[in-house]
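One structure is given below, encoded as structure tokens.
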Amino acid sequence: MNYVLAVKSPVYGKQGAFLAYQFAQALLEKGHAISQIFFFQDGVSNGNGLVYPANDEFNLTQAWQAFQPSIIFLCIYV
């Protein structure tokens, strides 16, 4: 199946963005395709390259940036 994901959770402070990342990874591992990932509302913070997590935290921003470069990431703020 082909999926489009929408991420509305901020990069840190809530777990929605991390769960979306895990879900996207699981989809690809099971052989599904992701055509686009949309980041909007608080989700735009996932694309902020100036976010630096604590040393003992997973760097979600970096993980999203390295995730499937062929997928188009659209960041909008409404």
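Bear in mind that the values in this text are calculations on the coordinates, not laboratory data. As the structure is a computational prediction, the values presented were derived from the model and not from experiment. For neighbour counting, all protein chains shown are included, and Cβ atoms are generated from backbone atoms with ideal geometry for every residue, glycine included.
Before anything else, pin down the relative contact order of the range 1-43: Cα pairs under 8 Å, at least 6 apart, normalised by residue count, whole percent.
Reported as a whole number, the value is 58 percent.
Which net charge results for the neighbourhood of Lys8, defined as the other residues with beta-carbon distances under 10 angstrom from its beta-carbon, given Lys and Arg at +1 and Asp and Glu at -1?
Net charge around Lys8: 0.
Please arrange Leu27, Leu50 by counting, for each residue, the other beta carbons lying within 10 Å of its beta carbon, fewest first.
Leu50, Leu27
Return the label of the correct value of Rg and Dmax of the Cα atoms in Å, as calculated from the structure shown, out of (i) 14.1, 49; (ii) 15.2, 46; (iii) 12.0, 37.
It is the one labelled (iii).
Give the order of Ser45, Ser35 when sorted by the count of other beta carbons within 10 angstrom, beginning with the fewest.
Ser35, Ser45
If a/c stays under 1.5 just call it rounded; otherwise compare a/b with b/c (prolate if a/b is bigger, oblate if not). Do that for the range 1-42, with a ≥ b ≥ c from the square roots of the Cα gyration tensor eigenvalues.
Since a/c reaches 1.5 but b/c is at least a/b, the shape of the range 1-42 is classed as oblate.
Find the relative contact order for the chain and round it to a whole percent, using C-alpha pairs within less than 8 Å whose residues are 6+ positions apart.
35
Would you list Val11, Val4, Val44, Val51 from fewest to most Cβ contacts within 10 Å?
Val4, Val51, Val44, Val11
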